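The values are calculated or read from the model by the stated rules, or taken from the named source; none is laboratory data. Quick caveat, the model's predicted, so the values are computed rather than measured. Ideal geometry is used to build each Cβ from the backbone, glycine not excepted, and the neighbour counts take in all protein chains shown. When the accessible area is computed, the model is the full protein with side chains, heavy atoms only, and any ligands, DNA or RNA have been set aside. Shrake-Rupley method; radii C 1.70, N 1.55, O 1.52, S 1.80 Å.
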Amino acid sequence: MLIDGAVAAVVGALRETRALNRSVVVVHSDNGPQPCVSSLPGSAWPLRSCKFQSFEGGVRVPACV
């Protein structure tokens with residue numbers, strides 16, 4: 001929900017300044033969960049591994065343009 005609000009704010013600002021028709025908005029992930037942390041650890045399950053690794057859990061990310 002936070003990213004939805006942030007994208008809506010960016011699109012709204014582009015619309016207000018009449019720059020929306022000349023813009024491309026790219027939204028992407030940050031390449032998997034943070035490895036080996038005790039606070040807010042993440043999981044890429046069912047994919048293997050995490051950030052900074054070559055396995056799917058570190059390189060597969062959602063994105064939209």
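When 25, 11, 37 are screened for being at pLDDT 75 or above, open to solvent by less than 50 Å² (accessible area, probe 1.4 Å) and part of a loop (DSSP other than H, G, I, E, B), only 25 passes. Contact map, segment 1-16: residues that are within 14 Å of residue 27 (Cβ to Cβ) paired with residues that are assigned to a helix (DSSP H, G or I) and open to solvent by less than 80 Å² (accessible area, probe 1.4 Å), Cβ distance under 9 Å, separation 6+ or inter-chain. Pairs shown: 11/20; 14/20.
Looking at this structure, is residue 57 modelled with pLDDT under 85 and touching a Leu at 6+ places or on another chain (Cβ under 7 Å)?
Values: modelled with pLDDT under 85: yes; touching a Leu at 6+ places or on another chain (Cβ under 7 Å): yes.
Yes; evaluated as a whole, the condition is true for this residue.
Residue-level check: of (1) at negative phi; (2) in contact with an Asp or Glu (Cβ under 9 Å, 6 or more places away or on another chain), residue 7 misses just (2). Search segment 19-31 for residues that are closer than 30 Å to residue 42 by Cβ and of a type outside the set (Gly, Ala, Ser) and pair each with any residue that is open to solvent by less than 100 Å² (accessible area, probe 1.4 Å) and assigned to a loop (DSSP other than H, G, I, E, B) when their beta-carbon atoms are under 8 Å apart and the residues are at least 6 apart or on different chains. Note: pairs meeting the criteria are 28/61; 28/62; 30/51; 30/61; 31/51; 31/61.
Of the numbered criteria (1) hydrophobic (A, V, I, L, M, F, W, C); (2) open to solvent by 70 Å² or more (accessible area, probe 1.4 Å); (3) not in a helix (DSSP H, G or I), the one residue 3 fails is (3).
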